[in-house]
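Remarks on the structure that follows.
The values are calculated or read from the model by the stated rules, or taken from the named source; none is laboratory data. All of these numbers come straight from a predicted model, not from anything done at the bench. Cβ coordinates were reconstructed from backbone atoms using ideal geometry, including for glycine residues, and neighbour counts include every protein chain displayed. SASA here: full protein model, heavy atoms, side chains in, ligands and nucleic acids out. Shrake-Rupley method; radii C 1.70, N 1.55, O 1.52, S 1.80 Å.
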Amino acid sequence: MRATLTIHTAAIAENWRRLAALAEPAECAAVVKADAYGLGAALVAPALRAAGARTFFTALAEEALALRDILGDGPAIYCFNGATAEDARDLAAADVRPVLNSPAQVAAFRVAARDAPLTCALQLDSGMNRLGMEADELSALLDDPAALDGLAPDLALSHLACADDPADLMNRAQLASFEAMTAHPRLARLRRSLAATGGALLGPAWRFDMVRPGVGLYGGLPFREAERVVDLEAPVIQLRDVAKGEAVGYGGAWVADAPARVATIAAGYADGLIRAMGGRARAFHKGRALPVIGRVSMDLLTIDATVAPDLGPGDMVSLLGPDQGVDALAAAAGTIGYEILTALGARYARRCV
Ligand SMILES: *Cc1c(COP(=O)(O)O)cnc(C)c1O
């Protein structure tokens, strides 16, 4: 008996359509890095393609090459982390466009250029200090007439550090910096993209030619209008009554302060139900909240099922579903929806509906 993860691809497609309608006239791309935020790129990417997505982003070059096999020719595929000299030729052959983040990456990708110029993107650092060229690196690059020989950059992008908070002053500062950097005449023909999910919701000024949502497609904040995308249910495999004063699980971390009924659930931190959920998160059964008690183990967790006397072995409790979304479970564990999604383990029976 094992836990079941249900992925609603129709909801992912619907979330993409909602973001695409909101972003118009900007194009709405789709970010499917980290195996589509843990949900399975082989399932998710074709559904997004069918919904109308024409441009996809991964993080790694390897993810982008695998995605080309999944999607076939047609859609544009970019990889955020760029290219090394070693993978440049494979990327060019598969028409995968690296996002070049430094003068060194620009130079490395040029080695793959043969007959036709290679399409790529340039990432500019507008203030996050994570990936991308700083203003002085960019101007030095563009001052060298030969620096882009063999390359056909078609997109300039940057990433916002604080877009989940519309009030954060960093958003406007990064917008101004991105506009200034992309004003260079040699970048005039490039399309521009600054916004992920949060940035797309900030307003039209942040959307430029293309928005790049990831988490909003998968039902996560800050896209409040998203449809629910995942259901996670795990089976009860044993029940016991514990007396007042008895302890449950590793370290005896939970002690009954009154007689209680404890259910043991077949899912644990190896399945992405992280240890930080112990004593803080809740499972649900028929709408009733059943606290996760004691420590989460690798393959098991325990819940206080005292208020659910009808719960029996083989019954499923819900960890993600109508009663508790990805962000609510994340909040209970002191993390964010992104981490809950990408941590979802490989052991689940996965159903796609
Ligand atoms: C992950 C990522 C995105 C998507 O971000 P979400 O917040 O999930 O919408 C967009 N752009 C870049 C550069 C990223 O790394």
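Side notes on the structure shown:
- Candidates L187, A11, A64 compared by Cα position along the dipole of the range 9-218: farthest toward the positive end lies A11, with charges placed on Cβ.
- Neighbour cut-off at most 15 other Cβ (10 Å), DSSP loop, trypsin sites (Lys or Arg not before Pro), the range 10-109: R54
- P(r) histogram, all alpha-carbon pairs of the range 9-218 included - 5 Å bins from 0, percent: 1, 8, 16, 20, 20, 17, 11, 5, 1, 0
- Stretch gain in nm, segment D310-A176, where the contour uses 0.36 nm per residue and the Cα spacing is subtracted: 42.3 nm
- Net charge of the neighbourhood of E179, taken over other residues with C-beta under 15 Å away and scored Lys/Arg +1, Asp/Glu -1, is +2.
- Excluding ligands, DNA and RNA, the accessible surface per residue across the chain is 43 Å² with a 1.4 Å probe.
- Neighbourhood charge, 11 Å Cβ-Cβ cut-off, centred on V292 and excluding it, Lys, Arg +1 and Asp, Glu -1: +3
- R17 paired with R240, simple spin-label distance in nm, labels 7 Å along Cα-to-beta-carbon: 5.1
- 0 to 90° range, to nearest 10: angle between helix 41-51 axis and the chain longest Cα axis: 60
- Computed from point charges on the beta carbon alone (+1 for Lys and Arg, -1 for Asp and Glu), the dipole magnitude for the range 9-218 about its Cα centre is near 540 Debye.
- Taken along the Cα-to-beta-carbon direction at a fixed 7 Å, the label points for M298 and A104 span 3.8 nm.
- Surrounding net charge for L67, when Lys and Arg each add one and Asp and Glu each subtract one, Cβ distance under 15 Å: -2
- Relative to the current alpha-carbon distance between R54 and L142, full extension at 0.36 nm per residue lengthens the span by 28.8 nm.
- Here the sum of -39500 (n - 2.57) over DSSP H runs of 4 or more residues, divided by the residues of the chain, equals -8000 deg cm²/dmol at 222 nm, to the nearest 500.
- In a simple Cβ point-charge model (Lys, Arg +1; Asp, Glu -1; nothing else charged), the range 230-352 has a dipole of about 100 debye relative to its Cα centre.
- Length gained on full extension, A135 to R288: 49.6 nm, using 0.36 nm per residue less the C-alpha separation.
- Dipole of the range 196-353, positive direction: furthest Cα of G199, L329, L311, with charges on the beta-carbon: G199
- A P(r) calculated from all alpha carbon pairs of the range 5-111, with 5 Å bins opening at zero, reads 3, 13, 23, 21, 17, 12, 7, 3, 1 percent.
- Note on the range 230-352: Kirkwood radius taken over Cα pairs, Stokes-Einstein applied at 4 °C and 1.567 mPa s, translational D equal to 91 µm² s⁻¹.
- Apolar share of the accessible surface for the range 230-352: 52 percent from carbon plus sulfur atoms, 1.4 Å probe.
- If only the Cβ of Lys and Arg carry +1 and only the Cβ of Asp and Glu carry -1, the dipole of the chain around its Cα centre is close to 760 debye.
- Projecting the Cα atoms of A135, P153, V106 onto the dipole axis of the range 49-188, where Lys and Arg carry +1 and Asp and Glu carry -1 at the beta carbon, places P153 farthest toward the positive end.
- The largest-to-smallest principal axis extents of the Cα set in the chain are 79, 41, 37 Å.
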